[in-house]
1. Could you list, in sequence order, all residues of segment 143-169 that are in a helix (DSSP H, G or I) and modelled with pLDDT under 75?
2. Just to verify a result, which residue in segment 35-83, among those that are in a helix (DSSP H, G or I) and of a type in the set (Asp, Glu), is farthest from Arg102 (Cα to Cα)?
3. Go through segment 179-195 and give me each residue that's out of contact with any Ser or Thr (no Cβ under 7 Å at 6 or more places or on another chain) and open to solvent by 10 Å² or more (accessible area, probe 1.4 Å).
4. Give me the residue from segment 9-39 that is open to solvent by less than 40 Å² (accessible area, probe 1.4 Å) and of a type in the set (S, T, N, Q) and, out of that set, modelled with the lowest pLDDT.
5. If a residue must be among the charged types (D, E, K, R) and buried (at least 21 other Cβ atoms within 10 Å of the Cβ), how many such residues does segment 102-148 contain?
6. Considering only segment 51-94, how many residues are touching a residue at least 60 places away in the same chain (Cβ under 8 Å) and under 22 Å from Asn110 (Cβ atoms)?
7. State whether the residues of segment 40-56 include one that is open to solvent by less than 80 Å² (accessible area, probe 1.4 Å), in contact with a Gly (Cβ under 7 Å, 6 or more places away or on another chain) and over 27 Å from Arg210 (Cβ atoms).
8. What do you reckon, is Ala176 without any contact (Cβ under 8 Å) to a residue 24 or more places away in the chain, closer than 16 Å to Arg101 by Cβ and open to solvent by less than 10 Å² (accessible area, probe 1.4 Å)?
Amino acid sequence: MSERRPGMRYAETAFPAGAVSAGGKASGVIGPNAALQLAAAMTALQGGTDTDRLFDAAGLSCWLSAPPGDMVPVCDVERLYAVLYRDWPKIGGAVCADAGRRTADYVIANRIPAVVRSLLRMLPVDLSAPLLARAVVRNAWTFAGEGALRVLPGRPMKFLLQGQALAIAGCPWHRAVFRQLFRVLVSPRATVAHARYAGPDGPGDVLIVRW
């Protein structure tokens with residue numbers, strides 16, 4: 001059972017993907033893997049032709065021929081995901097989740113030093129989980145664009161996203177990113193649930209991590 005604190009309200013949910021979540025839309029920029037790993041996931045599940053169609057419909061075909069290496073506009077990435085759910089509604093959630101998993105794998109391989117990966121895997125879960133949580137918050141731009149990301153107090157571990165990019169109902173992309181990070185580096189039993197958040201600091205989304 002999730003802990004409740006005065007002034008904070010959130011309830012675990014299993015939302016269908018495709019609608020805007022409580023956190024609303026974010027402006028600014030986000031790491032390019034939000035789009036590049038979507039291309040890889042779409043190709044794996046549907047083939048290259050559908051990937052070309054997806055990016056062309058979003059006006060982002062250039063990202064396939066010349067993948068961006070720097071931060072990209074959130075509005076472009078959100079348009080890409082909107083087209084995915086509009087034109088491929090039956091597989092949108094699966095593609096989105098696979099893109100999140102691939103993004104986490106990229107972060108693990110390229111953003112976390114090998115010695116840190118080894119340390120996290122060796123430590124007891126009660127030590128490795130908080131360490132990973134701090135690293136995630138320090139690299140929030142990868143997951144939340146210019147939105148806010150912080151850890152809420154108490155158990156189970158909870159991350160609060162506010163004003164984040166890719167604010168799809170149920171946060172399937174974010175859930176997949178966090179689930180893969182914690183499964184690979186903390187516990188293979190890690191799960192991530194989603195909850196809507198309403199507090200004095202405004203609406204948002206809570207990712208609840210258990211292991």
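The values are calculated or read from the model by the stated rules, or taken from the named source; none is laboratory data. Predicted model, so just to flag it, every value in this text is computed and none were measured. When we count neighbours, we look across all protein chains shown, and the Cβ atoms used for this are built from the backbone with ideal geometry, even at glycine. Quick note on the areas: whole protein, heavy atoms, side chains included, nothing else; ligands and nucleic acids left out. Shrake-Rupley method; radii C 1.70, N 1.55, O 1.52, S 1.80 Å.
1. Looking only at segment 143-169, we keep the residues that are in a helix (DSSP H, G or I), and these are 143-144.
Selection gives Phe143 alone.
2. Only one residue tops the list, namely Asp56.
3. Correct list: Gln180, Arg183, Val184, Pro188, Arg189, Thr191, Val192, Ala193.
4. Selected residue: Ser21.
5. Taking segment 102-148 as the starting set, the residues that turn out to be among the charged types (D, E, K, R) are 102, 105, 111, 117, 121, 126, 134, 138, 146.
From what's left, buried (at least 21 other Cβ atoms within 10 Å of the Cβ): 102.
Here the count works out to 1.
6. Counting residues in segment 51-94 that are touching a residue at least 60 places away in the same chain (Cβ under 8 Å) and under 22 Å from Asn110 (Cβ atoms) gives 3.
7. For segment 40-56, residues open to solvent by less than 80 Å² (accessible area, probe 1.4 Å), in contact with a Gly (Cβ under 7 Å, 6 or more places away or on another chain) and over 27 Å from Arg210 (Cβ atoms): absent.
8. no
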